[in-house]
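Have a look at the structure below, then the notes.
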Amino acid sequence: NCTQATEFSLAGFIEGPGTQVILFLLFLLSYLVTILGNLGMITLIRASPLLHSPMYYFLGNLAFVNLCTSTIITPRILVGVLLGNKGMAYAGCMAQVFTFDLFVITECFLLATMAYDRYVAICHPLLYPLVMSPERCSRLVTGSYLLGLTNSVGQTISMSSLFFCSPSTINLFFCDISVLVSLSASDTSLSLVILRTSSSLLGVTSMLVVLVSYVTIISTMLSISPAEGKCKAFSTCASHLTTVSTFYGALIFMYLIPRSDTSRGGDKWASVLYTVVTPMLNPLIYSLRNQEVKEAWRRLRKVK
């Protein structure tokens, strides 16, 4: 005996007035850095002929996905922290689930594609132009977006059949599907099957591609005799490994480690890592550690 919820309350972070200001400034700063960093990376890749290669084609799409992910989440956090408005309409919550799931799975497969690209470049350099042709790169990126779309459609359809009692409080700062399923007052068996199947099939598959690629890359690197060759090969992978570690680490903690509802206190901090921190750090990691990006930036400045 309960009324269908028309909105959800996003509990987010429990903060006092002083902490609220600090949180707002931190999230605002991170969002501005995310916008400028990812837009700058996309612009630089498009403008510089030096970066017209498969690796930077994938990186440009990763920057776009990071930009979208952050825009879906962070502005709503800023409104909640600044105005104290923690309510989100049911339709808005479903829209956030759809778009967020779309870009998270897309990012998983873009990272897997980038790992495969590094595998071909290091382990089969002579075949690289043939294997990573423009047509194949385009298909790999399109496939990543289609897998993300398939996942988000399936998750949203399963969520739309659930019943939520009013009031419903989400102990996060955005509408996360795993938390929403646990809040439902109806039978969640089908939704749990879809959620776990999607997480295992799509998430684990993309992680396995990354893992197998880098195991092969490391074994190939160890067989390279000159130390200079090893350093050059490692430098092309270090940035991607840093991004993969932070992104997948947070996702594993959130969705693949079983735990009770009472032990989910770290979820909000893990979700901050892959929704706010990772999109902000990715362009910085790739620009600060990558000599080609630095050289492209210097050439672009000289032209201007």
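The values are calculated or read from the model by the stated rules, or taken from the named source; none is laboratory data. Every value quoted in this text rests on a predicted model; they were computed, and no experiment measured them. Virtual Cβ from ideal backbone geometry, glycine too; neighbours counted across all protein chains shown. Remember, those area values only see protein heavy atoms, side chains included, never the ligands or the DNA or RNA. Shrake-Rupley method; radii C 1.70, N 1.55, O 1.52, S 1.80 Å.
Let me know the volume per residue of the alpha-carbon convex hull for region 40-165, in Å³.
Numbers: hull volume 15.6 nm³, N = 126.
Per residue, the Cα convex hull of region 40-165 comes to 124 Å³.
Name the residue farthest towards the positive end of the dipole of region 47-174 from the options PRO75, PHE58, LEU130, assuming +1 on Cβ of Lys and Arg, -1 on Cβ of Asp and Glu, about the Cα centre.
Selected residue: PRO75.
Among all lysine pairs in the chain that are eight or more places apart or on different chains, how many have alpha carbons less than 18 angstrom apart?
Numbers: LYS86/LYS268; LYS232/LYS294; LYS294/LYS302; LYS294/LYS304.
Counting lysine pairs in the chain gives 4.
Computing the accessible area with a 1.4 Å probe over protein heavy atoms, can you report the carbon and sulfur percentage for region 7-302? Write down the numbers at each step before the final one.
Values: 9950 of 14090 Å².
Carbon and sulfur: 71 percent of the exposed surface of region 7-302.
Which value, in debye to the nearest 20, describes the size of the charge dipole of the chain about its Cα centre when Lys and Arg Cβ atoms bear +1, Asp and Glu Cβ atoms bear -1, and nothing else is charged? Walk me through the numbers on the way to the answer.
Working: 19 positive and 13 negative charges, 211 e Å.
Around 1020 debye, computed over the chain.
Using a 1.4 Å probe and ignoring any ligands, DNA or RNA, find the accessible area of TRP269 and quote it in Å² to the nearest 10.
Its heavy atoms expose roughly 150 Å² to the probe.
Mind checking the per residue accessible area of region 7-302 for me, 1.4 Å probe, whole number of Å²?
Details: 14090 Å² over 296 residues.
On a per-residue basis, 48 Å².
For the chain, list the DSSP H helices whose alpha carbon atoms reach 20 Å or more along the long axis and whose average Kyte-Doolittle value is 0.0 or above? Walk me through the intermediate numbers first.
On the way: long enough: 17-47 (45 Å, 1.66); 54-83 (44 Å, 1.32); 90-123 (49 Å, 1.16); 134-160 (39 Å, 0.10); 205-222 (26 Å, 1.96); 227-251 (35 Å, 0.31).
Correct list, ordered by number: 17-47, 54-83, 90-123, 134-160, 205-222, 227-251.
Starting from the Kirkwood radius over alpha-carbon pairs of region 7-302, derive D by Stokes-Einstein at 25 °C in a medium of 0.890 mPa s and give it in µm² s⁻¹.
Numbers: Rh = 20.4 Å.
Rounded, D is 120 µm²/s.
For ILE252, tell me the accessible area in Å² from a 1.4 Å probe, rounded to the nearest 10.
Spelled out: ILE252, probe radius 1.4 Å, area about 60 Å².
Using a 1.4 angstrom probe on the protein heavy atoms only, line up TYR119, TYR56 by accessible area, largest first.
Details: TYR119 55, TYR56 5 Å².
Descending accessible area places them as TYR119, TYR56.
May I ask for the Kirkwood hydrodynamic radius of region 1-105, worked out over all distinct Cα pairs and given in angstroms to one decimal? Numbers along the way, then the final one.
Numbers: mean 1/r = 0.0627 Å⁻¹.
Final number for the Kirkwood radius of region 1-105 is 16.0 Å.
Identify, among GLY84, MET221, SER160, the residue whose Cα sits farthest towards the positive end of the charge dipole of the chain, taking +1 on the Cβ of Lys and Arg and -1 on the Cβ of Asp and Glu, with the dipole about the Cα centre.
The one lying farthest along the dipole's positive direction is MET221.
Would you work out which of PHE8, VAL212, SER48 lies farthest towards the positive end of the dipole of the chain? Charges go on Cβ: Lys and Arg +1, Asp and Glu -1.
The listed residue farthest towards the positive side: SER48.
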